[in-house]
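*Asks:* Supplied in structure tokens, the structure appears directly below.
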Amino acid sequence: MKTFLILLAIGFALRFLMPYIIKYALKLFVQKQMRKAQQFTYQAHAQQQRPFQGNGHSTASANPGTGKIKVDYVPEEVRQKKDFPDGEYVDYEEIK
């Protein structure tokens with residue numbers, strides 16, 4: 001009987017304290033996520049504002065030659081589909 005009353009008292013205490021515990025835990029989680037987002041935004045903004053590395057050289061022209069262009073990335077060409085997914089394409093020709 002004593003164990004049952006102790007468990008009942010703990011249950012009631014948790015029932016009334018749990019909303020406050022959840023609000024506090026959620027507040028901490030949201031603050032942590034906000035700090036991460038602010039750091040990410042700050043880092044992205046700093047990289048846009050400062051295109052030079054710490055040694056004074058530009059990241060885009062690490063080894064430039066006179067009159068030469070170096071391309072690090074070439075995007076793939078976007079090709080138009082010549083195949084029609086609904087079947088064969090037939091030109092319309094009006095018959096009189």
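Read-outs: derived from the displayed coordinates by stated rules, not from any lab. This structure is a prediction, so every number in the text was calculated from the model and none was measured. When we count neighbours, we look across all protein chains shown, and the Cβ atoms used for this are built from the backbone with ideal geometry, even at glycine.
*Asks:* Once phi is turned into θ = phi - 60°, what whole-Hz ³J(HN,Hα) does the Karplus curve with 6.51, -1.76 and 1.60 give for every residue of the range 9-16, x standing for Gly and Pro?
*Replies:* For the range 9-16, the Karplus curve yields 5, 5, x, 5, 5, 5, 4, 8 Hz.
*Asks:* Note down the net charge around Ile21, summing +1 for each Lys or Arg and -1 for each Asp or Glu among other residues with Cβ under 12 Å from its Cβ.
*Replies:* On the way: positive: Arg15, Lys23, Lys27; negative: none.
Surrounding charge for Ile21 is +3.
*Asks:* Applying 1/(1 + (r/R0)^6) with R0 = 30 Å to the Cβ-Cβ distance of Lys23 and Gln48, what FRET efficiency is obtained, to the nearest 0.05?
*Replies:* Details: r = 37 Å, r/R0 = 1.24.
In this case the efficiency is close to 0.20.
*Asks:* Same structure again: Give the aspartates and glutamates reachable from Lys96 as a straight Cα distance under 18 Å; neighbours fewer than 8 places away on the same chain don't count.
*Replies:* none
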